[in-house]
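Asker: The structure's right below; bear with me while I get my questions together.
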Amino acid sequence: MGGAEGAARSLAEHLVSDRGVEVEIYTTCALNHLTWENILPAGDEVINGVTVHRFEVAQARGDAFYALDGQIRVSPRAISDEMAIAWIVANGPYAPGLIEALRNTTADVVCFYPYLFWTSWAGMQATQVPRVVHPAAHDEPALYLSAMASVFTDADAFCWHTVSERQLVESLIPIASTPSTVLGLGTHGSAPTSRSGAAVLGLDEGSPYVVSVGRVDEQKGSVMLAKFFAAYKAAYPGPLKLVFVGPVSAQPPDHPDVVVAGILDEEEKADVVADALVSISPSAMESFSLVVIEAFELAVPVMVNGTCGPTVEHAAQSGGGLAFSSLAEFIETLQRLISDEALRLSMGEAGRDYARERFSWPSMIERYEEFLQTVIARGRREPRGPQFASGLF
């Protein structure tokens, strides 16, 4: 469904296939970020030309994490370093074997993606070669923890998703002088087939709908979107439906015109998005949003949360989307798009041009490799941030 993990995988595979770079991935045996339960076998595997090293998670996510997380969300700036470090360790994935392997790597450069997890925080301290951080940051409590700042202050370079992401982090942590590039992400979505989106969803042929792709989760704005859509339908009754596509972490409120499709394969997802009137990204916490760009590639206009800098940046710079910052604005904006086919078509074409010009893989991966070469040439800087390694790995 995208996200930092999907982005890291895409970069790794394109470095191998397009540029002939040797790439190794250091990751865990977990598949579920809520528990970090070891599911996959530890050891090495080659996937699409990329060597993947998997390490067991030594400490599952449990009640201790959620207790700390609740305190940090209230006032992250007031949290002591001791408590913040306890949160970082509990957040995980706590995999000491992974960190020890990083300490001994013979790679020319190590990239950490994203900043948020223990593997990045501890790995930055252990790695002896140049370090690039792909923060994938958004405005969240962890970004305000002083103990987390070393991930940023000790980096040798940054690779940002958007200008908005860079500006957010630079407003909080003194890193403006650190070399960086704004790369974005290349898309990897499938082309639609001859099936209609309605057929994939089991709806009547020709049924109009808007779509929201990504994890169906309260923190991602899905519950809010369902409530906003119900209010829209009360104001403008009709056949329009809202379709959620993605893994379900929080069930949205029941409504006869809200369809929860769950996880679809890439071709099914493309069919559904291609036939949507509008693709809606309700999340306020994105550092890029592949689903917005994938909608643009299919010439589908978007609506985005007006408090999310990166998605607002995409919408404004492309001319392919509109933002909403309140219920009233949501209703007005959605009705404007639904009632004006010419506007939807022109915005969809503008979004498609933007995606093709900025996020095609051949040019992106060439720029990325050149950036990594400059980081390697400069070498590793001395750490500037506080070190909290003792007793953790």
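The values are calculated or read from the model by the stated rules, or taken from the named source; none is laboratory data. A quick note: this is a predicted structure, and the numbers were derived from the prediction, not measured. Using ideal geometry, Cβ is built from the backbone for each residue, glycine included, and neighbour counts are taken over all protein chains shown.
Asker: List the strands (runs of 3 or more DSSP E) inside the range 127-198, counting only whole elements, that have at least 3 residues being under 22 Å from Glu370 (Cβ atoms) and within 17 Å of the chain's Cα centre (by Cα).
Answerer: Working: elements: 131-133, 157-160, 180-182.
Of the strands (runs of 3 or more DSSP E) lying wholly inside the range 127-198, those with at least 3 residues that are under 22 Å from Glu370 (Cβ atoms) and within 17 Å of the chain's Cα centre (by Cα) span 157-160.
Asker: So, one more: Does Glu218 fit the bill of being over 30 Å from Glu341 (Cα atoms) and either in a loop (DSSP other than H, G, I, E, B) or among the hydrophobic types (A, V, I, L, M, F, W, C) (or both)?
Answerer: Numbers: over 30 Å from Glu341 (Cα atoms): yes; either in a loop (DSSP other than H, G, I, E, B) or among the hydrophobic types (A, V, I, L, M, F, W, C) (or both): yes.
Against the criterion (over 30 Å from Glu341 (Cα atoms) and either in a loop (DSSP other than H, G, I, E, B) or among the hydrophobic types (A, V, I, L, M, F, W, C) (or both)), Glu218 qualifies.
Asker: Can you find a residue that is closer than 30 Å to Lys241 by Cβ and in contact with a Cys (Cβ under 9 Å, 6 or more places away or on another chain) anywhere in the range 128-137?
Answerer: Taking the range 128-137 as the starting set, the residues that turn out to be closer than 30 Å to Lys241 by Cβ are none.
No - not one qualifying residue is present in the range 128-137.
One line per residue, one yes/no per condition, for (1) at pLDDT 95 or above; (2) closer than 22 Å to Ala157 by Cα; (3) in a helix (DSSP H, G or I); (4) in contact with a His (Cβ under 6 Å, 6 or more places away or on another chain):
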residue	(1), (2), (3), (4)
Val57	yes, no, no, no
Gly70	no, no, yes, no
Arg73	no, no, yes, no
Glu82	no, no, yes, no
Gly97	yes, no, yes, no
Ala107	yes, yes, no, no
Tyr115	yes, yes, no, no
Trp121	yes, yes, yes, no
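One line per residue, one yes/no per condition, for (1) within 19 Å of Arg336 (Cα to Cα); (2) in contact with a strand residue (DSSP E or B) (Cβ under 6 Å, 6 or more places away or on another chain); (3) in the same structural domain as Thr162 (by TED's automatic domain parsing):
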site: Asp275; (1), (2), (3): yes, no, no
site: Val278; (1), (2), (3): yes, yes, no
site: Pro282; (1), (2), (3): yes, yes, no
site: Val291; (1), (2), (3): no, yes, no
site: Leu298; (1), (2), (3): no, no, no
site: Met303; (1), (2), (3): yes, yes, no
site: Gly306; (1), (2), (3): yes, yes, no
site: Thr311; (1), (2), (3): no, yes, no
site: His314; (1), (2), (3): no, no, no
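Asker: What number of residues within the range 63-107 satisfy the criterion of being at negative phi and in contact with a helix residue (DSSP H, G or I) (Cβ under 8 Å, 6 or more places away or on another chain)?
Answerer: Initial filter on the range 63-107 (at negative phi): 63-91, 93-107.
Restricting the remaining residues to those that are in contact with a helix residue (DSSP H, G or I) (Cβ under 8 Å, 6 or more places away or on another chain) gives 64-65, 68-69, 71-73, 76-77, 79, 81, 83-91, 93-95, 98-100, 102-103.
Qualifying residue count for the region: 28.
Asker: Can I ask one more? Only one of Ala328, Ala323 is outside any helix (DSSP H, G or I), among the small types (Gly, Ala, Ser) and either under 26 Å from Ser222 (Cα atoms) or not assigned by TED's automatic domain parsing to the domain that holds Gly238 (or both); which?
Answerer: Working: Ala328 fails: outside any helix (DSSP H, G or I).
When all the criteria are applied, what remains is Ala323.
Asker: Moving to a separate point now. Considering only the range 335-355, I want to know if a residue exists there that is of a type in the set (Ser, Thr, Tyr), in contact with a helix residue (DSSP H, G or I) (Cβ under 7 Å, 6 or more places away or on another chain) and at pLDDT below 95.
Answerer: Taking the range 335-355 as the starting set, the residues that turn out to be of a type in the set (Ser, Thr, Tyr) are 339, 346, 354.
Then keep just the ones that are in contact with a helix residue (DSSP H, G or I) (Cβ under 7 Å, 6 or more places away or on another chain); that gives 354.
After this cut, where a residue has to be at pLDDT below 95 as well, the list is 354.
Checking the range 335-355: at least one residue is of a type in the set (Ser, Thr, Tyr), in contact with a helix residue (DSSP H, G or I) (Cβ under 7 Å, 6 or more places away or on another chain) and at pLDDT below 95.
Asker: Could you tell me which residue of the range 112-162 is surrounded by the most Cβ atoms within 10 Å (Cβ to Cβ), considering only residues that are under 18 Å from Ile25 (Cβ atoms) and polar (S, T, N, Q)?
Answerer: So the residue we want is Thr119.
Asker: Would it be correct to say that Val109 is surrounded by 13 or more Cβ atoms within 10 Å (Cβ to Cβ) and touching a Pro at 6+ places or on another chain (Cβ under 6 Å)?
Answerer: On the way: surrounded by 13 or more Cβ atoms within 10 Å (Cβ to Cβ): yes; touching a Pro at 6+ places or on another chain (Cβ under 6 Å): yes.
Against the criterion (surrounded by 13 or more Cβ atoms within 10 Å (Cβ to Cβ) and touching a Pro at 6+ places or on another chain (Cβ under 6 Å)), Val109 qualifies.
Asker: When Gly351 is evaluated against the numbered criteria (1) surrounded by 13 or more Cβ atoms within 10 Å (Cβ to Cβ); (2) within 26 Å of Ser17 (Cα to Cα); (3) under 23 Å from the mean Cα position of the chain (by Cα), which criterion, by number, is the only one it fails?
Answerer: All conditions pass for Gly351, except number (2).
Asker: In the list Phe324, Phe359, which residue meets the criterion of being buried (at least 20 other Cβ atoms within 10 Å of the Cβ) and at pLDDT below 95? Working first, answer last.
Answerer: Details: Phe324 fails: at pLDDT below 95.
After applying the criteria, what remains is Phe359.
Asker: Still on this model: Of the residues Ala316, Ala295, only one is in a helix (DSSP H, G or I), free of Cβ contacts under 8 Å to residues at least 12 places away in the same chain, under 26 Å from His161 (Cα atoms) and not acidic (Asp, Glu); which? Show your work before the answer.
Answerer: Working: Ala295 fails: free of Cβ contacts under 8 Å to residues at least 12 places away in the same chain.
When all the criteria are applied, what remains is Ala316.
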